[in-house]
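Everything on this sheet refers to the single structure shown next.
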Amino acid sequence: MIEQVEKPTPMRLKKEIKDRETFEKYERFHIKTEFAASRRKVPNPFYPRVKKIGLAKYLIKEILHYNIKLAKKEYRGALLSRPCIYGVFSGRFGGFKPQRELCTGCMRCVLEFPEFCRVDRNPEFRTLGDSYWLPEDPTRFSFSAVAIVNYEAETGKIPIKGMGYKGPFAGKGWDSIWTDMSEIVRPTRDGVHGREYISTLVDIGYKPKFISFENGQPSIKSRTVQATVPILFNYLPPNLNNDSIRKSIHSAAKKIGTFYIERPSNINFSEKKEFSTLYKNMIPLLTTRDRANLTTILEHAEIVSYSIEEHNELYSQIRSVNPNIPIIVRIPFKRGIATKLKTLLNDEIDGFHLFADYHGKEYNTTKNPSFIKDLLLETHKDLVDEGLRDEITIIASGGIILAEHVPKAIICGADVVAIDTAILVALQCRFDGPCRSPEEGKIKSDRFSPQWGAQRLTNLIASWHAQLIEILSAMGMRDVRRLRGDVGRAMFNEELEKEAFGEIEVRTGA
Ligand code: SF4
């Protein structure tokens, strides 16, 4: 029997055309990158040194050994360039004046000739970061977060590293977490190359667990804003900030569709921009000094924040002007913070920004400070036990300097992370001494084009976004929100060690 095909009515045809147009307009979220060349050359992290007498003795020995063969050019060339195959010793004066910029840090010279070859850290490289960015740990000698962030900010691409890696497989801090990348045993979600969409959208604010109604209307509503990526730009104090940095952050946040945290007093009101443009993508960090402008700010901002010290003064004022605006309270991240958070939740707080110091350590704690990962795990668990976790947002900051730190922080319990010193490194600002906390850190005075800065930061987040998608796709996840607190997606070195030692004890006992 031949099925009769119904002739489409003009109305239906019109609808189909409209649907097709809407579909064609659909665009997958993508951060547009553009090459943003480094404004200053990143110095080579390696600094090979050769003891001249040792080298001369070695050359004499080699000359005597090869003797007649040295009449051939290739023998002479090989003799003078050894032991480096990367041309460090191939200049006019050979190893007596090494071409240090060519060194890759392979350590072959040190292994072959420890008596006269040495590879140190380039002292110039030190100014690009502090001990957290350039750790002294000799096992991480070749690791350079500065070079990685610089590459990401320049190109917006994913750096490919790890070939021939000979270092340890676990370390301190974030390096003690291994993410689950078992795409072989799990159907992969191919988000990077386009078969499936993986969402990195996050909601910042309060999400009620249940909908309750009063007179047919929902009595409790969500108070949330959405960011396209779970990465915010953290507030940088005046000693780590300037106009070029501020403008770069503002434009980058706008381009990406995320937020930056800034003091309203730092906004140049004389620029005569519309308030809605000024506050777009900004989380104003309010103080009591902003009281005069509070109504204007609350009219235009989508979300606000303030420090815990200002809570009693500001909370009721904000709620009386705008009861629906999400409020984020900034609190120094310390052990046992969950008790404090629970008390604050008696007021209608929508989220907390828990900040560790720039090295990821418990804030203002000198005696055995915990790392942010442990603080997050503890706080998340405490709030889950109390049944309070799902309603609020936790923004975590401090010590997040590489792309891999974002999913790791989310696995440990953060909804969103905020970056700080990574902004400075991406913009090639030079540190003036250690930069452990907002109070202590300083940068050398510097000016650059905000367009260039905005592109560098956009590229950085584009690269981190691509790496986040890569991780989610390998985990078989379609939404970054589902990763929050999912510790089953990671292995923790400390736990594995405990397990292994436990096994050893059992075996010895048997
Ligand atoms: S470390 Fe490797 S690249 Fe650097 S000088 Fe030595 S041999 Fe050459």
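Every number here is computed from the coordinates shown, using simple stated rules; none is lab data. Everything numeric in this text was worked out from a predicted model, so none of it was measured. Ideal geometry is used to build each Cβ from the backbone, glycine not excepted, and the neighbour counts take in all protein chains shown.
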**Request:** Please arrange Lys254, Lys72 by counting, for each residue, the other beta carbons lying within 10 Å of its beta carbon, fewest first.
**Result:** Lys72, Lys254
**Message:** Test of understanding: ordering Leu70, Leu472 by Cβ neighbours within 10 Å, fewest first, what list do you get?
**Reply:** Leu70, Leu472
**Complete:** Mean Cβ-within-10 Å packing, highest first, puts peptides 351-358, 59-66, 431-438, 375-382 in the order 351-358, 375-382, 431-438, 59-66
**Item:** Relative contact order (percent, whole number), the chain, Cα cutoff 8 Å, 6+ residue spacing
**Value:** 20 percent
**Request:** May I ask for the distance between the Cα centers of the stretch 395-420 and the stretch 225-246, given as a whole number of Å?
**Result:** 14 Å
**Item:** Free-standing Cys, the chain [no other Cys Cβ under 4.7 Å]
**Value:** Cys84, Cys103, Cys106, Cys412, Cys429, Cys435
**Message:** If you take every DSSP beta bridge fully contained in the chain, what fraction is antiparallel? Give it as a percent rounded to 5.
**Reply:** 40 percent
**Request:** Rounded to the nearest 10 degrees, what's the angle between the helix 372-385 long axis and the longest principal axis of the chain, both from Cα atoms, 0 to 90?
**Result:** 30 degrees
**Item:** Exposure proxy ranking, count of Cβ atoms within 10 Å, fewest first, for Met11, Met477, Met491, Met282
**Value:** Met11, Met491, Met477, Met282
**Item:** Cut-off under 5 Å, modelled amide H: who pairs with Phe46 long-range
**Value:** Asn122
**Asked** Relative contact order, percent, of the stretch 46-121 when contacts are C-alpha pairs under 8 Å separated by at least 6 residues?
**Response** 42 percent
**Convex hull volume per residue in cubic angstrom - Cα atoms of the stretch 202-497** = 149 Å³
**Request:** Would you mind counting up the charge near Val42? Only other residues with Cβ under 15 Å from its Cβ, with Lys and Arg at +1 and Asp and Glu at -1.
**Result:** +4
**Message:** How tilted is helix 493-509 with respect to the longest principal axis of the chain? Cα atoms for both, answer in degrees (0 to 90, nearest 10).
**Reply:** 70 degrees
**Item:** Set of aspartates and glutamates with alpha-carbon distance to Lys57 below 12 Å, sequence-local pairs under 8 removed
**Value:** Glu115
**Message:** Between 0 and 90 degrees, rounded to the nearest ten: what's the tilt of helix 10-25 against the longest Cα principal axis of the chain?
**Reply:** 40 degrees
**Request:** Using a cut-off of 9 Å between beta-carbons, work out the net charge of the residues near Ala462 (Lys and Arg +1, Asp and Glu -1, Ala462 not included).
**Result:** +1
**DSSP-defined beta bridges in the stretch 202-316 - what % are antiparallel, rounded to 5** = 55 percent
**Prompt:** Where the Cα atoms of the stretch 46-121 are projected onto their three principal axes, how long is each span, largest first, in whole Å?
**Reply:** 39, 21, 18
**Prompt:** If you average 1/r over every pair of different alpha-carbon atoms in the chain and take one over that average, what Kirkwood value in Å do you get?
**Reply:** 26.1 Å
**Message:** Just to check I understand the Karplus step: with θ = phi - 60° and J = 6.51 cos²θ - 1.76 cosθ + 1.60, what whole-Hz values come out for the stretch 277-286, glycine and proline as x?
**Reply:** 6, 4, 8, 5, 6, 10, 9, x, 9, 7
**Charge context of Leu383, other residues only, Cβ under 11 angstrom, K/R +1, D/E -1** = -3
**Message:** Only bridges whose two residues both fall in the stretch 202-497 count here: according to DSSP, what percent of them are antiparallel, nearest 5?
**Reply:** 25 percent
**Built amide H within the under 5 Å cut-off of Lys442, gap 5+** = Asp432
